[in-house]
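Novice: The structure that follows is given in the form of structure tokens.
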Amino acid sequence: MRFSSSIRLMAAPHGCLDMLRQRTRAVRGGPRQRRPPCWDRTRRGATKNRETLSVPDPRLEPVTHVLPRRKMTDRSAASPESRTLQRFHRAERRRRAWDALLDDAYAFALPHHDAAASGRAGGRRDREIFDNTAVQAVQWRRSRLHGQLFPPFREWMDFEAPESFGFGDDLRRGYETWLDDVRARFHVAIEASNFHIEVDPAIGDALISTGALMVHEGSFARPLRFEAIPARELVPEEGPDGMLATVFRQMRLTARRIAEKWPDADLPPDLAKLAAEKPDTEIELIEAVMADHPGGPADYELWCVDQPGADGENLLLKRAYAASPVIAFRMDKAPGEWMGRGPVLSVLADIKTANKVVELILKNASIAVTGIWQAEDDGVLNPANIRLVPGAIIPKAVGSAGLTPLDAPGRFDVSQIVLERLQETIRRGIMGPTLPPAEAGQRTAFEIDVRQQEFAAVELPMSLRLLTELDYPLARRVLAILSGPAMVGSPFHVEPFSAGGEAVRPKPTSPLIRLQDIAEAAEAQSAYLRAAQAFPDMIGQVVDRAGYLRHYLKRAGFPAAHLQDAAAPAAATADMLPSSP
């Protein structure tokens, strides 16, 4: 008897599979020969961009396979000649060690920010999420940081002169006039750009690992154009000072986009021909932005290595910037690591556990709703034709029990207790300390004040780490674009101000920075009130009330332009006194 039909083999009982295999081998003439492993039968030729695999199998003819072109990052045998590409390969090897960790973090916390190298834009990436606590916490924290660091339609950056620069009266007035103009043009240019659209995903990347923002020079009407660099394309390199000053970017663009994005690029003849004939061909590029410190002068290079129409190492473009166009920033890091470790990574284990708990709860709920049924094999009942719907009539044999539910052995359920604890840990780890909900009972003013102090103590150190790698480089880059020669004649152009040959320094004034100033003003006010209660007669002799009030108003956020100079009140008082005869 020959079993030539695969359907018959699949329909055979499970216990007879071994016997069926033995009979089939006997009919076919013995046991089936195994093919040798691939590493024993692979012989590679020496043709360029093509390799031949010869399969020494007596039953088969030699087959020729054309292997696809390898990516530039897979060429480990041949070391690149360019020093820039050598630095990129060293940094890229360290960066790819984070792929597995970042894939898990993005899959559960930011599923629509694809951290994997594969995948298409617009695809659904939240199929593995059963508990969205981490997704909501990241969105809430990202929006809060956006509003605290860069509040829309408010001034969050100021500028000050270097400490070594001494002001005269005339020069101080000129500098303050120039400073008011710079501050106004800076924020108007920011609001006219796409800054608030692109900075939000970059902050989300920093909550997981490392965020990056690229600032391009725009047109006269919109002098700034921002671009959030996806995490899968980012390859940072830490400098000797521990800052992310050098950043590489590995990306794929069509040949048409290369000519449009870099019109001054020196394309090889074959690549230029490919862009004209097949403009939709994807080309892999490497951007290199190399600087000594964040926001400082940087060298920019664009490379294309072993791609269609560009064999070998091809330097397409080289530029020099007064301020680095790429800004990479982290919220936290571990010693010896270049990539950041955001708050999401610290609670990633709880996120995965909570997701699995919810998945098991849903599976248990489906069993509880539909149930598990058993039926007697009486030859009448066919489980494949049964539909458990309201009003269904299920036939059964005479004397049989028909369908009977299978009871679970136990119903001890503690999953909800575990899930609530995990969700609270995730929210607190990502969002930080928050006030209790409004329905949690009455709260005293003292408790609210203590909780606000706790919030500031946790939020300030974690968020102010962004100042060095985000706020200061961003202000320097924007100011370099607005004061550049390409913006002359634009309404956003800023005239350079000579301050002894030294550049002016950015001074963040965002609401997050104001929290610290407000806390210092509250401490000074508390000390003054305690001293006034203890020594009411001596407080006026010791404290300069006008100077204290001026300091308190500045710390509390009162506009400095509406404060009088220290000598102005004394002159006004002298004018009010009656003159002697």
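The values are calculated or read from the model by the stated rules, or taken from the named source; none is laboratory data. Everything numeric here is computed off the predicted structure, so don't read it as measured data. A quick note on method: Cβ atoms are made from the backbone with ideal geometry, for glycine too, and the neighbour counts reach across all protein chains shown. Please note that ligands, DNA and RNA were not included when accessible areas were found on the heavy atoms of the full protein model with its side chains. Shrake-Rupley method; radii C 1.70, N 1.55, O 1.52, S 1.80 Å.
Novice: At 1.4 Å probe radius, can you tell me the per residue accessible area of the range 83-339 in Å²?
Specialist: Value returned for the range 83-339: 45 Å² of accessible area per residue.
Novice: Follow-up. In terms of the ratio Rg/(2.2 N^0.38 Å) built on C-alpha atoms, what value belongs to the range 510-559?
Specialist: 1.26
Novice: Taking amide H positions as placed 1.01 Å from N in the peptide plane, with prolines and chain starts having none, which residues 5 or more places from residue 159, or on another chain, fall under 5 Å of its amide H?
Specialist: 507
Novice: For the range 133-233, list log₁₀ I(q)/I(0) at each q in 0.18 Å⁻¹, using the Debye formula over Cα point scatterers of equal strength and ignoring solvent, two decimals each.
Specialist: Relative scattering, expressed as log10 I(q)/I(0), comes to -0.94.
Novice: Diagonalise the Cα gyration tensor of the range 83-339 and give the resulting equivalent ellipsoid semi-axes, square root of 5 times each eigenvalue, largest first, whole Å.
Specialist: Over the Cα atoms of the range 83-339, the semi-axes work out to 33, 26, 19 Å.
Novice: Which of the peptides 258-266, 279-287, 291-299 is most tightly packed, and how do the rest follow, going by the mean number of other Cβ atoms within 10 Å of each residue?
Specialist: Ranking, from highest mean packing down: 291-299, 279-287, 258-266.
Novice: Would you kindly derive the ³J(HN,Hα) couplings of the range 292-304 from the backbone phi angles with the Karplus curve 6.51 cos²θ - 1.76 cosθ + 1.60 (θ = phi - 60°), listing them in order in whole Hz, with x for Gly and Pro?
Specialist: Each residue's phi maps through the Karplus curve to give 8, 8, x, x, x, x, 9, 9, 10, 9, 10, 10, 9 Hz.
Novice: Please list log₁₀ I(q)/I(0) at q = 0.10, 0.22 Å⁻¹ for the range 205-313, using the Debye equation with identical point scatterers on the alpha-carbon positions.
Specialist: -0.35, -1.26
Novice: Ok, one more. Share of the range 345-431's accessible area from carbon and sulfur, percent, 1.4 Å?
Specialist: 59
Novice: Plugging the Kirkwood radius over Cα pairs into Stokes-Einstein for the range 345-431, at a temperature of 20 °C and a viscosity of 1.002 mPa s, what D comes out in µm²/s?
Specialist: So the translational diffusion coefficient is about 130 µm²/s.
Novice: Leaving out ligands and nucleic acids, and using a 1.4 Å probe, what accessible area per residue does the range 510-559 come to in Å²?
Specialist: So the range 510-559 comes to 69 Å² accessible per residue, rounded to a whole number.
Novice: Moving on to the next point. Applying a 10 Å radius around every beta-carbon, put 340-350, 178-188, 202-212 in order of their mean neighbour count, most first.
Specialist: Going from most to least packed, we get 202-212, 340-350, 178-188.
Novice: Please go through the residue pairs 352/507; 318/507; 273/318; 333/356 and name each one whose alpha carbons sit more than 30 Å apart in this structure.
Specialist: The pairs that break the limit, which is 30 Å between Cα atoms, are 352/507; 318/507.
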